[in-house]
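A short worksheet on the structure shown next.
Just so it is clear, none of the values below were taken in a lab; they were calculated from the coordinates. Being a predicted model, the structure only gives us computed values, none of them experimental. As a convention, Cβ positions derive from the backbone with ideal geometry for all residues, glycine included, and neighbour counts pool all protein chains shown.
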Amino acid sequence: MTASITSGHNKAKAPEPPQPGGEEGPLYQSRVKIYPKRVSGTFRNLKWLVMIVTLGVYYVTPWLRWDRGATAPDQAVLLDLPHRRFYFFFIEIWPQEVYYLTGLLILAALLLFLFTSLFGRVWCGYACPQTVWTDLFIWVERLVQGDRNKRMKLDKSPWTATKIAKKSLTHFIWLVLSVATGGAWVFYFADAPSLMTGLLTGEAPLAAYLAIAGLTFTTYSLGGLMREQVCTYMCPWPRIQGAMFDADTFLVSYKPDRGEPRGPHKKGESWDGRGDCIDCQACVAVCPVGIDIRNGPQLECIQCALCIDACNEIMDKIDRPRGLIDYETLAMPDARAKGEKPKIRLVRGRTIIYSLSILLTAAVMGYGLLTRGDLEMSVLRDRNPLFVPLSDGSVRNGYTIKILNKAHETRNFSIELSGMEGLALSRPNAVDSPDRVTVAPDDVQSVRLYVTAPADIVRSPVLADGEKAINIAIRDMESGAVASRNTVFRGPQSRSQGRR
Amino acid sequence: MSDAPKRDELTGVETTGHDWDGITELDNPLPKWWLYIFYACIGLSVLGWIWYPSWPVWMGEWTYLKGVAGFSKRAEVSRELAEIEAGREVYFKQIRAQSLEDIRTDPELLQVSLAGGAAAFGDNCAPCHGSGAQGFAGFPNLNDDAWLWGGTLDDIHTTLRHGIRWEADMDTRLSMMQGYLKDGILSRSEVSDVVQYVLGFSGREDDNEAARRGATTFAEICSACHMEDGTGMHELGAPDLTDAIWLYGGDKDTIYETVANGRGGVMPAWAGRLDDATIKQLALYVHSLGGGEEPQP
């Protein structure tokens, strides 16, 4: 069987009679407001825990310190845009190493693929910021306005002072939370304590206030007002995830074979000949996206598992076994129908491929991170002119080398040439001797090099082809660390060879 | 491909009637807020018309609605250009005030000058000297160490300011390589002889007899500018005939042509055409190309 996912909103509506005349229904539909009911249970507790951990990480991280010496910031995680540096604890990334960030994103994507093929939309249900903040905002709503029934009643009641007070208080707390969300975000881009002082005294850069304002707006509108519509209409991820499920993916599912036929049940009545579902609507009442899980897998479902908790509570009350709604694969009901034992198949083709890809990516990234040095050099050879004949018959080539000193200390380097005899090094406007360069800590320095080959070498067979491979190296004069690059030295082609 | 809308069995929703290889699309209604965003965008664009310049209008002549903000892209560009100019002026002031040697020892000013010089070179000098200052026949390569009029910072600066054989400038660098055959000063054979002698400076003569004969002519006429040993003279822009660098070409025929018809390359004077700071930047840039000479102590 294949995973077919339908839209719950439309199923919940009473089916309209077919209109053969091509008469169309409404083009636009108003949102049906959802009042999720409070629920408690294993998965609700898990969600609280995830919320505390993720929000904790988000708010606390910018305040962690990490000593990097006097020449670099001491913030553990910092995206220093003006200075083009990304600090992450012991890792410091320069702009040209942004592939580490790419690698991180690839790793995150692959992990998402793996978890989605194993357990469905666990990201959506537990860890997605949209889910976490919506959960938080619903909690505030419940705290101020009461649970589902009270909120529904309040919305229907006329605008009294109490109602205005309750609504205003809700929105006020939402705004405070939104400001705090945007406020925490900017701390990742600047020194948190000093930015905090700046923000409070009104001296922080305009960009910081604008970022906070923007994120306040998005948090308030997406978490407070838009909620499940973000997931249903705006987010592309649910559509992609649908392609990652298969018959062995664990999804939050209702077991129709156990639950049907459903119907009200009076205490003491026999359970024979009927399903366990008493049609109490508890699963519908707690659903934050407003669907009926009993209609099967649906596009809107973020797999938050709150309906499992709700149903289990009811099952306990009516003394039936738990798990009428549970994490289940699509293959399981089929297996039960055939009288087979439902199988758990976590190891499958796609999970193996995802796991291997994750291992590979992590290994490549880890190797790169562990073996990268704090010294790099690049060579840019002059192409215009290719070479310069000098008055004494010697030939000069020009190179621009860039030295990247990633260490947090000033370093002195010597420049060494090899690969060809008699090469002489000079530098225009050099203050010290031409083969000595000093590079400031955590800095890049461009150095113009002029390399001259004497006339006898130019005429010798060494340069007969008009080019010779040479090597330019820089050596740290204290530590002996070396970075080097191969390049070529060019001169006129010798006449005996003729033009090729 | 397009059929009448059908009702999808599973969902009870009508399809759009479009069918792509059996794949159909449900015709679900759009959420209302989406529509409102669309309206908001229309409203915003109307505000845009009011705020910014927008419609062309006929007011006796064609003009346009200026917008209440008084915004103009042209004014914006002028303002940005003025801002750049003002930013540059900070450095230009220092460059104008300081000597070339002082600028050279100030790393920041030097960096600004080399960058500015490279840009100005591309705009003004590259047509004759090439984008890499590599020169062409008759137009010197500025990367090498052979300088007709001297290669110190001050020499280059003077050449830039006053030009070479640029008659509009009183202080221009002047000298003349006559056409010795053309002007009837030397005969054909005398020119050939002197060419043999000149080739001899670099050990390339092929007729020792002729070279010996040419030596007399060289001593009488040519050595006045090129010196007796052929090493030339910066003050008169007379090239060194002993080195490996030839402005017009060092083969026998080209040297013959040079002696017979003369040469007289021209470079414009840039003082007055470019501002002083830019000329200083150019001098520093050209000097840094690798052949710049240091002043003799």
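Look at the stretch B:236-244: the mean tally of other chain Cβ atoms within 10 Å of its residues' Cβ atoms is 2. Here the calculated FRET efficiency for A:THR438 and A:PHE90, from their Cβ-Cβ distance with R0 = 30 Å, stands at 0.70, rounded to the nearest 0.05. Here's the picture: charge each Lys and Arg Cβ at +1 and each Asp and Glu Cβ at -1 in segment B:117-226, and of B:HIS226, B:GLY138, B:PHE121 the one pushed furthest to the positive end of that dipole is B:GLY138. DSSP beta bridges in the protein assembly as shown, what fraction antiparallel, as a percent rounded to 5? Here the antiparallel bridges make up roughly 95 percent for the protein assembly as shown. Taking label points 7 Å from Cα along the Cα-to-Cβ direction, A:ALA127 and A:SER484 give a separation of 4.5 nm. Taking Cα centre as origin and charging only the Cβ of basic (Lys, Arg, +1) and acidic (Asp, Glu, -1) residues, the dipole magnitude of chain A rounds to 1180 debye. Give me the distance between the Cα centres of segment A:111-152 and segment A:200-240, rounded to whole Å. Value for the Cα centre distance between the two parts: 16 Å. Separation of segment B:241-297 and segment B:115-172, taken as the distance between their Cα centroids, equals 6 angstrom.
Report note on the peptides A:442-451, A:368-377: ranked by the mean count of other C-beta atoms within 10 Å, highest first, their order is A:442-451, A:368-377. Computed from the C-alpha gyration tensor, the three semi-axes of the ellipsoid equivalent to segment A:264-413 are 72, 19, 16 Å, from longest to shortest. Pairs from the list A:LYS166/B:LYS32; A:LYS255/A:LYS343; A:LYS267/A:LYS317; A:LYS255/A:LYS338; A:LYS47/A:LYS343; A:LYS402/A:LYS468 with a Cα-Cα gap above 19 Å: A:LYS166/B:LYS32; A:LYS47/A:LYS343; A:LYS402/A:LYS468. About its Cα centre, the dipole of segment B:193-297 is roughly 320 debye, where the only charges are +1 on Lys and Arg Cβ and -1 on Asp and Glu Cβ.
Counting neighbouring beta carbons within 10 Å and listing from fewest to most, the residues B:THR231, A:THR116 come out as B:THR231, A:THR116.
Between A:ALA211 and A:ARG348, the modelled labels are 4.1 nm apart [label points 7 Å from Cα along Cα→Cβ]. Left without a cysteine partner by the 4.7 Å Cβ rule in chain A: A:CYS124, A:CYS128, A:CYS231, A:CYS235, A:CYS277, A:CYS280, A:CYS287, A:CYS301, A:CYS304, A:CYS311. Ratio of Rg to Rh for segment A:31-242: 1.02 [Cα atoms; Kirkwood radius as inverse mean 1/r over pairs]. Near the amide H of A:ASP443, within less than 5 Å, lie the amide hydrogens of A:ASN405, all on another chain or at least 5 residues away, with H placed in the peptide plane.
Peptide A:378-391 has a mean shielding of 5, counted as Cβ atoms of other protein chains within 10 Å of each residue's Cβ.
Per-peptide packing, taken as the mean over residues of other Cβ atoms within 10 Å, places B:194-204, A:338-348, A:186-196, B:105-115 in the sequence B:194-204, A:186-196, B:105-115, A:338-348 from highest down. Positive end of the dipole of segment A:375-497 (Cβ unit charges, origin at the Cα centre): among A:SER446, A:LEU463, A:GLY422, the Cα lying farthest that way belongs to A:LEU463.
The residue among A:VAL53, B:GLY150, A:VAL144 whose Cα reaches farthest toward the positive pole of the charge dipole of the protein assembly as shown, with charges on the beta-carbon of Lys, Arg, Asp and Glu, is A:VAL144.
Neighbour counts of C-beta atoms inside 10 Å place B:GLU14, B:GLU228 in the sequence B:GLU228, B:GLU14, starting with the fewest.
What the Cβ-Cβ distance of A:LEU370 and A:THR400 gives, at R0 = 25 Å and to the nearest 0.05, is a FRET efficiency of 0.25. Relative contact order, whole percent, for segment A:375-497 stands at 31, derived from Cα pairs under 8 Å and 6 or more residues apart. The H on the amide N of A:VAL395, modeled in the peptide plane, is under 5 Å from the matching H of A:LEU390, A:ALA453, each at least 5 residues off or on a different chain.
From the alpha carbon centroid of segment B:216-238 to that of segment A:418-484 is 38 Å. With a ≥ b ≥ c taken as the square roots of the eigenvalues of the C-alpha gyration tensor of segment A:79-171, please select rounded if a/c is under 1.5 and otherwise prolate if a/b is larger than b/c or oblate if it is not? In terms of gyration-tensor shape, oblate.
Indicate, rounded to the nearest 5 percent, the antiparallel portion of the DSSP beta bridges found entirely in segment A:375-497. Taking every DSSP beta bridge within segment A:375-497, about 100 percent pair in antiparallel fashion. Within 10 Å of the Cβ of each residue in A:26-32, the mean number of Cβ atoms contributed by other protein chains is 4. Backbone amide hydrogens, once placed in the peptide plane, bring A:ALA76 within less than 5 Å of A:LEU64, A:ARG65, A:TRP66, excluding anything fewer than 5 places away on its chain. Across segment A:337-459, the volume of the C-alpha convex hull divided among the residues equals 211 Å³ per residue. Taking a Cβ cut-off of under 13 Å around A:LEU404, the surrounding Lys, Arg, Asp and Glu residues balance to a net charge of 0, with basic ones at +1 and acidic ones at -1. Among A:TRP159, B:TRP147, sorting on how many other beta-carbon atoms sit within 10 Å of each Cβ, with the fewest leading, yields A:TRP159, B:TRP147.
Dipole size of segment A:198-262 about its Cα centre, with +1 on Lys/Arg Cβ and -1 on Asp/Glu Cβ: approximately 180 debye, rounded to the nearest 20. If R0 is taken as 22 Å, the Cβ-Cβ distance between B:ARG263 and B:SER187 corresponds to a FRET efficiency of 0.65. In this entry, the protein assembly as shown is assigned a mean projected area of 57.0 nm², taken as a quarter of its C-alpha convex hull surface. Quantify how much of the Cα-Cα distance distribution of segment A:192-260 extends past 14 Å, in percent. When every Cα pair of segment A:192-260 is considered, 76 percent fall beyond 14 Å.
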